[in-house]
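One structure is given here, and the rest of the page talks about it.
The values are calculated or read from the model by the stated rules, or taken from the named source; none is laboratory data. Keep in mind that this is a model prediction, so the values were computed, not measured. Here the Cβ is made from the backbone with ideal geometry for all residues, glycine too, and neighbour counts use every protein chain on show.
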Amino acid sequence: MDEDLKKQQQLYNEGWGKELRAGKEERGNLQTNLEFLAQTNLLKPNDKILEIGCGIGSVVFELGKQEHDIIGTDISSEAIAYGLKKYGDVHLEVQAAETLPYEDESFDVVLSFDLFEHIARIDEHVSEVARVLRPGGYYLLQTPNKYSNAIYETLWTKSFKWRRYHPSLHSPGQLRRRLARYGFGARFVKMNPVNEFTLRKLKKLGPIGYVLGHVDFRRLPLALQTNLYVIADKRGNRQTP
């Protein structure tokens, strides 16, 4: 792990340690993420699955209960240690998203949730995902929509400091083009993320949050989605940036 990634690891260890001590185990919308995976109907019993940026491993645990062969990785050793203690018999590893230690074409499916936007060296990450996926495999991911997230984060923090921790926010078009560079075709799935997790966040926006809490986002155009849920299939036309 190079010096930049070690600094990143330290930052996320500090963040996870603080939140876990405060009793906050989930940073993402676990319920909607699992609903997305179920809706795709792409995870098969014998598939080998990798989740990158797994946090404490909740998705790994849930899919493991369905007898999927899944490995979870996260750059935070704090999150991984907590997850191993909480869930027990799960396969979790400390690993950066930009450098994967796995052989070429060793996974049928790669997953990531609330990860893409945090990676400054995003091309390295997508290149690695393409490398470890088998031909015809899928990268199933969720990341905040640049159009909506930039507004939300600015209103919430009353600043632009979100640019430091979300260096790779993408619009739908930007995300489609980024994935295409590495041989991925991409299609978007509209999900309604409004549940208990989301409503707690929206309260911070006051009246605006109240209105958003009553919106069915599946009825809105792709550009107005809060999060982009993507099915990216590896078509084998891998390029270099």
Residue count, segment 195-226 (criterion: in contact with a Gly (Cβ under 6 Å, 6 or more places away or on another chain) and either closer than 15 Å to residue 145 by Cβ or free of Cβ contacts under 8 Å to residues at least 12 places away in the same chain (or both)): 2
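Looking only at segment 35-70, which residues are of a type in the set (Val, Ile, Thr), outside any loop (DSSP other than H, G, I, E, B) and either within 16 Å of residue 115 (Cα to Cα) or more than 18 Å from the chain's Cα centre (by Cα) (or both)? Before the answer, list the steps.
The initial filter retains those residues of segment 35-70 that are of a type in the set (Val, Ile, Thr), namely 40, 49, 52, 56, 59-60, 70.
Narrowing further to those that are outside any loop (DSSP other than H, G, I, E, B): 40, 49, 52, 59-60, 70.
Once the filter is applied, which keeps residues that are of a type in the set (Val, Ile, Thr), outside any loop (DSSP other than H, G, I, E, B) and either within 16 Å of residue 115 (Cα to Cα) or more than 18 Å from the chain's Cα centre (by Cα) (or both), segment 35-70 yields 52, 59, 60.
Evaluate the following for residue 75: is it touching a His at 6+ places or on another chain (Cβ under 6 Å), touching a residue at least 12 places away in the same chain (Cβ under 8 Å) and at negative phi?
Values: touching a His at 6+ places or on another chain (Cβ under 6 Å): no; touching a residue at least 12 places away in the same chain (Cβ under 8 Å): yes; at negative phi: yes.
It is false that residue 75 is touching a His at 6+ places or on another chain (Cβ under 6 Å), touching a residue at least 12 places away in the same chain (Cβ under 8 Å) and at negative phi.
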Just to be sure I understand, how many residues within segment 88-101 are in contact with a strand residue (DSSP E or B) (Cβ under 9 Å, 6 or more places away or on another chain) and either under 22 Å from residue 58 (Cβ atoms) or at pLDDT below 95 (or both)? 9
Restricting to segment 107-121, what's the tally of residues that are under 9 Å from residue 167 (Cα atoms), crowded, with 18+ Cβ neighbours inside 10 Å and of a type in the set (A, V, I, L, M)? 1
Going residue by residue through segment 43-51, is there one that turns out to be under 21 Å from residue 200 (Cβ atoms), buried (at least 19 other Cβ atoms within 10 Å of the Cβ) and touching a residue at least 24 places away in the same chain (Cβ under 8 Å)? no
Looking at segment 128-137, can you tell me whether even one residue there is within 16 Å of the chain's Cα centre (by Cα) and at pLDDT below 95? no
Count, please, the residues in segment 99-124 that happen to be under 16 Å from the mean Cα position of the chain (by Cα), in contact (Cβ under 8 Å) with a residue 60 or more places away in the chain and closer than 13 Å to residue 51 by Cα. 7
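Among 105, 124, which is closer than 27 Å to residue 235 by Cβ and assigned to a loop (DSSP other than H, G, I, E, B)? Even if it seems obvious, please write down each step before you answer.
Values: 124 fails: assigned to a loop (DSSP other than H, G, I, E, B).
Sole residue among the options that is closer than 27 Å to residue 235 by Cβ and assigned to a loop (DSSP other than H, G, I, E, B): 105.
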